[in-house]
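Encoded as structure tokens, the structure appears first; notes follow it.
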Amino acid sequence: MSETHERPAPGEHRKLRVGYVGNLLGRYVIGQWGSGFVLSVASLPSVASVDLFCSELDAGLARDPIDYPPTVVLRRSYDRERPFSILRTLRALRKWRGDLLVFSMNTTAFGNRATSNLVGLLMPIVARVFFRKPAVVVYHSSVLTSDVERLGYTSASDRARAIAASAVERLLFRTVPTFVLLECYRKRLDEKVPSAHARTFRNEYLEALPTIAINHLGNPGEVITGGGASGPAPTLLLHGYWGPQKDLEGVLPILQSLASEGVRFKLVLSGTVNPHFPDYVPHLEQLVTKFRSIISSRRGSVSEAEMAEVMLRSDLLLLPYNASGGQSGVMEIASCFDLPSIVSDFPEYREKARTKPTVTLCARDQMADAIRSAFTQATTRPPRQVALWEKVAVAQSYVDRFLQEALAVAGPGSDG
């Protein structure tokens, strides 16, 4: 990723100059969506450059995990542990000249960065109202669209943060054109903030694009092979950022019961605990100890470089949830790799599953039957042939549609 501050070369002014403010892979815990969005925008023929305003690299990283194309330019980083470092970013945004400034935001993630989140919520308002920039917001999930207590934020301080965030969100949604990733969230915002006029960004597969880019996959015409269990023991994957939102406590006893019935499978448990819930770490270890007889393999953090292998070697993915805080990145990645998935039935996942034939939705009391059925299919199904380039094209088409709509509502850009 380039760090030059040169303007696009002469002749490129007719193409779009897009700015992106938000999380990226390697620059916050969950940044796959942002990196996928930037990669997709940068690949569009109509775009000359993408300017990044993002958080500092995660501790221990010397460089970005993704080799972004030269048209992606780092303009300013901020430190999430120092909320007022965002002021330096605001100064950079005031000087920025371009056609569209996209803020990627999410407030249903509290923890030790809550202050940064609240300060960051004001950035689009300042950029649009005071700096007169053509800004829009892509909102992943809001305290107005999600039940933060069901997501695990139950303390008094969490409740106070939710109240403060909801007040700022209402102002934000009335001031800056807002896009949400789910139609059900748009409807909820219309009910709670009628003047917001929120729009839906129907994105697909963006969380999978970093894995595809890092592994140099997705070439036109390229087909890769995945799955295809040999023998009666398909590989079952449980993967994610674990915490109160996920229902490991419900699915592991179901799998243990199936194993006691003689159902054979290889269970891979991977992923780390969501850093917003450090108290869940010992609880996860207790679960692993209790159900160690059915866990064939335990993996910790899975890098984007390793994600393709994990998805391709698995025959079935389980995504058990107690609550939903937005679209599921893991479900998007698995669907991109055509990995059959069984997902807890929530409105958010129901909406996304309409375009994903490999996803089966079910309630907890239906999960045992759904797993039995999926295992039967896995042992008879031939290896799947995955054409990732087709999914990349779909992702790019949705991003292109978003850019056109965002340009229409953002107002004129600034030049020179």
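Throughout, read-outs are computed from the coordinates displayed, never taken from laboratory work. The structure displayed is predicted, hence computed values, not measured ones. Reconstructed Cβ throughout: ideal geometry from the backbone, glycine too, with neighbour counts over all protein chains shown.
Summary of computed values
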{"item": "Over the stretch 16-136, relative contact order from alpha-carbon pairs under 8 Å, at least 6 apart, %", "result": "27 percent"}
{"item": "Sequence ranges 377-384, 43-50, ranked by mean other-Cβ count within 10 angstrom, highest first", "result": "43-50, 377-384"}
{"item": "Computed P(r) (all Cα pairs; the stretch 267-308; 10 Å bins; percent)", "result": "25, 50, 25, 0"}
{"item": "Segment Phe84-Glu285, extension gain: residue separation times 0.36 nm, minus the distance between their alpha carbons", "result": "68.7 nm"}
{"item": "When the stretch 273-348 is reduced to its Cα atoms, the Kirkwood hydrodynamic radius in Å", "result": "14.3 Å"}
{"item": "Selected from Ser303, Ser77, Ser146 as most flexible by GNM, with the chain as the system and alpha-carbon contacts under 10 Å", "result": "Ser303"}
{"item": "Of Lys290/Lys356; Lys246/Lys352; Lys266/Lys356; Lys266/Lys290; Lys187/Lys352; Lys246/Lys356, pairs whose Cα-Cα distance is over 23 Å", "result": "Lys290/Lys356; Lys266/Lys356"}
{"item": "Cα centroid of the stretch 235-250 to Cα centroid of the stretch 340-416, whole Å", "result": "19 Å"}
{"item": "Spatial separation of Cα centroids for the stretch 35-67 and the stretch 268-302, in angstrom", "result": "31 Å"}
{"item": "Net charge of neighbours whose Cβ lies under 14 Å from the Cβ of Arg150, counting Lys and Arg as +1 and Asp and Glu as -1", "result": "-3"}
{"item": "P(r) tail fraction, the stretch 224-386 - alpha-carbon pairs more than 28 Å apart, %", "result": "13 percent"}
{"item": "Modelled label reach - Ala393, point 7 Å along Cα→Cβ, the stretch 203-220 residues with backbone N closer than 13 Å", "result": "219-220"}
{"item": "Computed over the chain: relative contact order in percent, which uses C-alpha pairs under 8 Å that are six or more apart", "result": "18 percent"}
{"item": "Contour minus Cα-Cα distance for Ser46 and Leu122 (0.36 nm per residue)", "result": "24.4 nm"}
{"item": "Magnitude of the charge dipole, the stretch 224-386, Cβ model with Lys/Arg +1 and Asp/Glu -1, debye to 20", "result": "380 debye"}
{"item": "Calculated over the chain: convex hull of Cα atoms, volume per residue (Å³)", "result": "134 Å³"}
{"item": "Highest-fluctuation residue, Ile66, Ile371, Ile163 considered, GNM on the chain with Cα pairs under 10 Å", "result": "Ile163"}
{"item": "Value of relative contact order over the stretch 292-397, rounded to a whole percent, pairs C-alpha under 8 Å and six or more apart", "result": "22 percent"}
